[in-house]
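Below: one structure, written as structure tokens.
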Amino acid sequence: MCNLDNLRIVIASTPKTGNTWLKNLLSVIYRLPIVQVGVQFDRAEMDALGPRWVVHQHWTARPQIIEYGERNDVTFVTTIRHPGDALLSKFHFVRNYVGSLNFSDMDLSPLMARDGDKPGEQTVYYAKYGFPISLD
């Protein structure tokens, strides 16, 4: 049984799989503050969050993250969504927000916006060369 006075939840999942939705649900159910953390895992940043929170980030399961979770009684949650659904969701997200978001130079997903209203050649390219990185 988990200690609700020290409940720390990290949702670590692939983008576009329901992370934000789940984070908000858990926040309401357990009355947890939603916190933000950087893209790169940082122990000091995590320690500064306090005893109760929920966060989501697209971290992969690296030893330092798992070790931190074990030592600090962090609950990890991973959402799962069919990759085809996640790709289509990412396509629509990029199409709608490509001009207003700060995408990484390494992120190939903005290419999909060139396809217009329907997935096309650029989406196929992203599915082959960029999306597998996201799924990892």
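The values are calculated or read from the model by the stated rules, or taken from the named source; none is laboratory data. Note that this is a predicted model, so its numbers are computed, not measured. No Cβ is skipped: glycine too gets one built from the backbone with ideal geometry, and neighbour counts run over all protein chains shown. Ligands, DNA and RNA are excluded from the accessible area calculation, which covers all protein heavy atoms including side chains. Shrake-Rupley method; radii C 1.70, N 1.55, O 1.52, S 1.80 Å.
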Legend entry - Number of positions in region 117-133 that are open to solvent by 80 Å² or more (accessible area, probe 1.4 Å), among the aromatic types (Phe, Trp, Tyr) and within 20 Å of the chain's Cα centre (by Cα): 1
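Among the residues of region 57-116, count how many are assigned to a loop (DSSP other than H, G, I, E, B), charged (D, E, K, R) and surrounded by 12 or more Cβ atoms within 10 Å (Cβ to Cβ). Break it down into steps so the answer makes sense when it comes.
Taking region 57-116 and keeping what is assigned to a loop (DSSP other than H, G, I, E, B), we get 58-62, 72-73, 78-82, 98-108, 116.
Filter once more, keeping what is charged (D, E, K, R): 62, 73, 81, 105, 107.
Now narrow it down to the ones that are surrounded by 12 or more Cβ atoms within 10 Å (Cβ to Cβ): 73, 81, 107.
Looking only at that region, the number is 3.
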Legend entry - Whichever residue in region 42-64 is of a type in the set (A, V, I, L, M, F, W, C) and at pLDDT 95 or above and, among such residues, is nearest to THR17 (Cα to Cα): VAL55
Legend entry - Members of region 13-56 that are surrounded by 15 or more Cβ atoms within 10 Å (Cβ to Cβ), within 22 Å of PRO83 (Cα to Cα) and of a type in the set (Val, Ile, Thr): THR14, THR17
Inset, instruction - With the condition kept exactly as written, say whether any residue in region 1-12 is open to solvent by less than 70 Å² (accessible area, probe 1.4 Å), part of a helix (DSSP H, G or I) and not acidic (Asp, Glu). - result: yes
Legend entry - Test: ASP136 is over 28 Å from ILE9 (Cβ atoms), touching a residue at least 24 places away in the same chain (Cβ under 8 Å) and either open to solvent by 50 Å² or more (accessible area, probe 1.4 Å) or among the acidic types (Asp, Glu) (or both): no
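Let's see how each residue does on (1) over 18 Å from ARG8 (Cβ atoms); (2) among the small types (Gly, Ala, Ser); (3) modelled with pLDDT of 90 or more:
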| site | (1), (2), (3) |
| --- | --- |
| ARG71 | no, no, yes |
| ALA86 | yes, yes, yes |
| ASN102 | yes, no, no |
| MET112 | yes, no, yes |
| ASP115 | yes, no, yes |
Legend entry - Residues of region 117-129 satisfying the condition of being touching a helix residue (DSSP H, G or I) at 6+ places or on another chain (Cβ under 6 Å) and part of a loop (DSSP other than H, G, I, E, B): PRO119
